[in-house]
Amino acid sequence: MSKTIKIAVIGGGSSYTPELVEGLIARRASVALRELALVDVEAGRDKVETIAALTRRMLAKNGMEAVKVTVHFQPDEAIRDASFVLTQLRVGQLAARAADERLGLKYQLIGQETTGIGGFAKALRTIPVMLDIARKVERLAPEAWIINFTNPAAIVTEAVQRHTNARIIGLCNVPIAMHHMLAHMLEEPFEALRLRFAGLNHMVWVHEVNVRGENRTQEVIEKLCSGAAMTMNNIKEAPWPAGLLRALGAIPCPYHRYFYLPRHMLEEEQAAAQKEGTRAEQVMKVEASLFGQYRDPHLAHKPAELSLRGGAFYSQVALELIEAIHNDTGAQLVVNTANKGAIQGLPDDAVVETNCVVDAAGAKPLAFGALPPAMHALTTQVKTYERLTIDAAVNGDKQAALLALIVNPLVGDAGLAGDMLEELLTLNRDYLPAFR
């Protein structure tokens, strides 16, 4: 058995944590856990202590009582000597996300938490906190890997990668969710599919679907053109225009709907906000129910209702990545890491989402080449927005922030951007000291 390790989870009070614990239990033979250190803010004390108690019950049920579960309200001791630091934090909690969504809708713009004004606001709040965590990792656990799930994942991962020496890889459940959906669509086992991903986080395309050596990409495209569904719990299903799919010659991810069908998605958000509340407001209700279950002293497993949060396969991708690094396996995984020439036409230090070989040295992206022109144009525009957002967050630079919003294809209006930015900075004053 491999040596035992310590894992720190920043944002340990998240409702997603039981999903991670389930994965740790399933892979205990290949990832032998010594300590799971859960970190959260003081305001989240009840949640993280509830999660810690559930975690201990889940571990005990599976004969893993020896694993130490600790709770921390400052990250230093949790990070010290950790092998992996998982980041799944939400600065301002769900209330801040709801405010982002409402702000977007006020200006007749998409307010989703990883794209447009919502993703921008979340990035500004999150980057300073993540940089502080990364610098603690540099000092207290210099050999550790940060596994970042915090959205917007590409922006946050790139900020840490460019402004610290901490080792970080970004992770998202969208590629693996697409893999499962395509396997189901083709009525093939998950393991039979080989998919070629290239793009950005929440803006990645599947360029090739290979099944046992046969290229079945066009078959998938035609199924989607005929109405086959492929979306996620947190994104409203909307059929793709057949002409778009055939012109692309590739399969867009569910989040591409915000870029390719923005009017439809905005109308859906507006209708949902009036009827059911924004996505954050809906999630608050789901979380209230989940934590009611988590507090049951007899519960010792992950509730099925957790799937409604939109994080399906979280534990699978997290543990595959941890296992590949820890055991130096050289597995092929889809992660967010520095481009290093893999996608031509993007900076080497730009974080991209693509197939990588992962071993003890980290993630090495496989060469892809150039994206087709229409995909390249959108990708470079969004990457420019992401890099301006990082500059704004790191330096408290209002000019970079304004340009980021204007460049963002889901905002793109200088007449709106200035007023919206001022309102955003006012709403988030407590979380943005660099802008004071």
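Within region 125-140, is even one residue modelled with pLDDT of 95 or more, open to solvent by less than 10 Å² (accessible area, probe 1.4 Å) and either in a loop (DSSP other than H, G, I, E, B) or farther than 24 Å from Asp397 by Cα (or both)? Checking region 125-140: at least one residue is modelled with pLDDT of 95 or more, open to solvent by less than 10 Å² (accessible area, probe 1.4 Å) and either in a loop (DSSP other than H, G, I, E, B) or farther than 24 Å from Asp397 by Cα (or both). Look at (1) closer than 30 Å to Lys106 by Cα; (2) touching a helix residue (DSSP H, G or I) at 6+ places or on another chain (Cβ under 7 Å) and you find that His264 fails only one, number (2). Just so you know, in region 70-88 the residues that are open to solvent by 20 Å² or more (accessible area, probe 1.4 Å) and of a type in the set (A, V, I, L, M, F, W, C) include one that is farthest from Leu36 (Cα to Cα), and it is Phe73.
Inclusion of Ile147 among residues that are open to solvent by less than 20 Å² (accessible area, probe 1.4 Å), in contact (Cβ under 8 Å) with a residue 40 or more places away in the chain, in a strand (DSSP E or B) and within 17 Å of Val9 (Cβ to Cβ) is warranted.
Residues that are within 18 Å of Ala154 (Cβ to Cβ) and modelled with pLDDT under 95 within region 98-116 comprise Ile110, Gln112, Glu113, Thr114, Thr115, Gly116, listed in sequence order.
Looking only at residues of region 355-400 that are of a type in the set (Ser, Thr, Tyr) and closer than 27 Å to Gln332 by Cα, we find that the one that is most open to solvent (accessible area, probe 1.4 Å) is Thr380.
From the set of residues in region 95-124 that are closer than 29 Å to Ser83 by Cα and not hydrophobic (A, V, I, L, M, F, W, C), which is surrounded by the most Cβ atoms within 10 Å (Cβ to Cβ)? Ranking the candidates gives Lys122 first.
Of all residues in region 341-354, those that are under 25 Å from Asn327 (Cβ atoms) and either in contact with a Phe, Trp or Tyr (Cβ under 8 Å, 6 or more places away or on another chain) or open to solvent by 10 Å² or more (accessible area, probe 1.4 Å) (or both) total 3. Does Glu22 satisfy being surrounded by fewer than 22 Cβ atoms within 10 Å (Cβ to Cβ) and within 20 Å of the chain's Cα centre (by Cα)? For Glu22, the condition - surrounded by fewer than 22 Cβ atoms within 10 Å (Cβ to Cβ) and within 20 Å of the chain's Cα centre (by Cα) - is met. Can you name every residue in region 314-362 that is hydroxyl-bearing (Ser, Thr, Tyr) and in a helix (DSSP H, G or I)? Matches in region 314-362: Tyr314, Ser315. Those residues that are at positive phi and modelled with pLDDT of 95 or more, I need them from region 394-436; list them, please. Answer for region 394-436, where residues must be at positive phi and modelled with pLDDT of 95 or more: just Gly396. At pLDDT 95 or above and not hydrophobic (A, V, I, L, M, F, W, C): is that true of Arg279 in this structure? Answer is no for this residue.
For region 158-194, filtering for residues that are in a strand (DSSP E or B), open to solvent by 10 Å² or more (accessible area, probe 1.4 Å) and in contact (Cβ under 8 Å) with a residue 40 or more places away in the chain leaves 1.
Note on region 283-299: among residues that are open to solvent by less than 50 Å² (accessible area, probe 1.4 Å) and in contact with a helix residue (DSSP H, G or I) (Cβ under 9 Å, 6 or more places away or on another chain), the one that is farthest from Ala177 (Cα to Cα) is Leu299.
The values are calculated or read from the model by the stated rules, or taken from the named source; none is laboratory data. Keep in mind that this is a model prediction, so the values were computed, not measured. Here Cβ is always computed from backbone atoms with ideal geometry, including for glycine, and neighbour counts include all displayed protein chains. To get the accessible areas, we keep the full protein, side chains included, count just its heavy atoms, and leave off ligands, DNA and RNA. Shrake-Rupley method; radii C 1.70, N 1.55, O 1.52, S 1.80 Å.
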